[in-house]
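Undergrad: I have a structure I would like to understand better, so I am pasting it below and will then ask my questions one at a time.
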Amino acid sequence: KGDGSDPGQHNGPNGYHTWGGNTPIQNLVDDYRMLDGSKFDWNNPVEAAAPYVNRDPRFDASILHDGSKWRQRPTDVQALDPYGIIQTVRGLTLPDGSVVRGLDTRDSPIEDWNGGYSFYLMKKFIDPNVNAQFDNQEIPWIFYRYAETLLNYAEASIELNELSDAVSVLNQIRRRAGMPEFSAGMGQAALREEYRNERRVEMAFEEQRFFDTRRWMIAPQVLSKNAIGINIFLEGANRIDRSTWHNYRYETHSIQNRGWNDALYFMPIEKDEMNRNSLLVQNPGY
């Protein structure tokens with residue numbers, strides 16, 4: 001998919017089935033702004049030391065990361081996590097030198113096959129009140145919602161250089177999300193950049209990114225980047241008492257090589273259609 005997500009199908013937390021194409025990767029996580037509206041920066045030592053603190057509220061609403069509060073574990077594994085906290089740490093070093101793995105990773109002592117390669121899990125659309133060990137969640141798919149109307153209007157307004165109209169509708173979304181409003185004095189190029197990022201995080205996992213990157217013709221810049229995940233290492237007195245966990249160290253790493261071919265901007269015209277009309281010209285690259 002074009003949303004910059006994790007390959008492969010696997011289960012979500014507590015066995016909830018998710019599709020790999022909608023599993024978050026670090027590329028998306030980094031695009032969520034800080035709570036003050038500034039860009040997240042791994043080169044900022046304060047932000048790099050606590051990358052999940054003071055972020056856009058939509059980040060915690062959409063993505064499960066290490067430390068996220070979730071539902072109670074199934075009864076047979078509650079002794080390993082009585083608090084219902086997501087554990088995607090790659091390595092927790094105990095005083096005896098042993099290393100234990102997070103319960104929601106591919107190295108989990110519970111199940112070592114169904115964690116995401118990125119060490120993030122999808123939260124958006126998932127109901128924590130459903131006991132996914134025994135029940136499947138049924139949820140109507142959102143084909144269209146009001147925020148998309150506002151975003152579409154803003155995009156058209158930006159390209160028409162009607163920036164005050166764009167800022168007005170974008171700030172409706174920003175206020176609802178709990179983020180600072182965009183400035184009315186922002187120039188066209190700057191507002192376009194902020195708008196595209198706003199659309200990315202607001203519409204995450206809603207099948208928009210695939211079409212957005214093609215419409216904006218930015219696929220070579222954003223879709224050819226390798227998919228990135230996170231490794232988290234720390235120390236603790238034991239694996240149960242999370243209050244003893246300290247000295248967090250975060251390391252990003254590549255989890256999938258990706259590339260782009262400009263032919264993918266278009267679909268090929270079917271051979272039967274080409275045969276019916278000799279004047280048809282096949283799309284580039286096919």
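The values are calculated or read from the model by the stated rules, or taken from the named source; none is laboratory data. Since we're looking at a predicted model, the values are computed, not measured. Note that each Cβ is placed from the backbone with ideal geometry, even for glycine, and that neighbours are counted across all protein chains shown. Protein only, heavy atoms only, side chains kept; ligands, DNA and RNA dropped before computing areas. Shrake-Rupley method; radii C 1.70, N 1.55, O 1.52, S 1.80 Å.
Undergrad: Is it the case, given these coordinates, that F182 is part of a helix (DSSP H, G or I) and either aromatic (F, W, Y) or crowded, with 17+ Cβ neighbours inside 10 Å (or both)? Before you say what the answer is, go through the steps one by one.
TA: On the way: part of a helix (DSSP H, G or I): no; either aromatic (F, W, Y) or crowded, with 17+ Cβ neighbours inside 10 Å (or both): yes.
For F182, the condition - part of a helix (DSSP H, G or I) and either aromatic (F, W, Y) or crowded, with 17+ Cβ neighbours inside 10 Å (or both) - is not met.
Undergrad: Quick test of your reading of the structure: A147 fulfils all but one of (1) assigned to a helix (DSSP H, G or I); (2) open to solvent by 20 Å² or more (accessible area, probe 1.4 Å). Name the failing condition by number.
TA: Exception for A147: condition (2).
Undergrad: For the stretch 193-208, does any single residue satisfy the condition of being surrounded by fewer than 13 Cβ atoms within 10 Å (Cβ to Cβ) and outside any helix (DSSP H, G or I)?
TA: No, because not a single residue in the stretch 193-208 is surrounded by fewer than 13 Cβ atoms within 10 Å (Cβ to Cβ) and outside any helix (DSSP H, G or I).
Undergrad: Based on this model, can you work out whether Y120 counts as closer than 22 Å to R242 by Cα, crowded, with 20+ Cβ neighbours inside 10 Å and within 21 Å of the chain's Cα centre (by Cα)? Working first, answer last.
TA: Working: closer than 22 Å to R242 by Cα: yes; crowded, with 20+ Cβ neighbours inside 10 Å: yes; within 21 Å of the chain's Cα centre (by Cα): yes.
Yes; evaluated as a whole, the condition is true for this residue.
Undergrad: Could you identify the single residue in V77, V99, V46 that is open to solvent by less than 60 Å² (accessible area, probe 1.4 Å), more than 14 Å from the chain's Cα centre (by Cα) and without any contact (Cβ under 8 Å) to a residue 40 or more places away in the chain?
TA: Result: V77 is the single residue among V77, V99, V46 that is open to solvent by less than 60 Å² (accessible area, probe 1.4 Å), more than 14 Å from the chain's Cα centre (by Cα) and without any contact (Cβ under 8 Å) to a residue 40 or more places away in the chain.
Undergrad: Just checking, how many residues over the stretch 103-158 are basic (K, R) and either out of contact with any helix residue (DSSP H, G or I) (no Cβ under 6 Å at 6 or more places or on another chain) or over 20 Å from R200 (Cβ atoms) (or both)?
TA: 2
Undergrad: Here is a list: N247, N226, N257. Which entry is closer than 30 Å to Y117 by Cα, modelled with pLDDT under 95, open to solvent by 40 Å² or more (accessible area, probe 1.4 Å) and in contact with a Lys or Arg (Cβ under 6 Å, 6 or more places away or on another chain)?
TA: Of the residues listed, the single one that is closer than 30 Å to Y117 by Cα, modelled with pLDDT under 95, open to solvent by 40 Å² or more (accessible area, probe 1.4 Å) and in contact with a Lys or Arg (Cβ under 6 Å, 6 or more places away or on another chain) is N226.
Undergrad: Six or more apart or on different chains, Cβ atoms under 7 Å: show the pairs whose first residue is in the stretch 244-270 and among the aromatic types (F, W, Y) and whose second is part of a strand (DSSP E or B).
TA: Going by the 7 Å Cβ cut-off, the qualifying pairs are W245/L92; W245/L234; Y248/I232; Y248/L234; Y250/I230; Y250/I232.
Undergrad: Something else: So R176 ticks every box in (1) part of a loop (DSSP other than H, G, I, E, B); (2) open to solvent by 80 Å² or more (accessible area, probe 1.4 Å) but one. Which box is left unticked?
TA: With (1) part of a loop (DSSP other than H, G, I, E, B); (2) open to solvent by 80 Å² or more (accessible area, probe 1.4 Å) applied to R176, the lone miss is (1).
Undergrad: Which number in (1) open to solvent by 70 Å² or more (accessible area, probe 1.4 Å); (2) at pLDDT below 95; (3) under 24 Å from the mean Cα position of the chain (by Cα) marks the one condition that D135 misses?
TA: It fails just one condition, (3).
Undergrad: Looking at (1) assigned to a loop (DSSP other than H, G, I, E, B); (2) within 30 Å of A190 (Cα to Cα); (3) hydrophobic (A, V, I, L, M, F, W, C); (4) open to solvent by less than 70 Å² (accessible area, probe 1.4 Å), find the lone condition where L28 falls short.
TA: All conditions are met except number (1).
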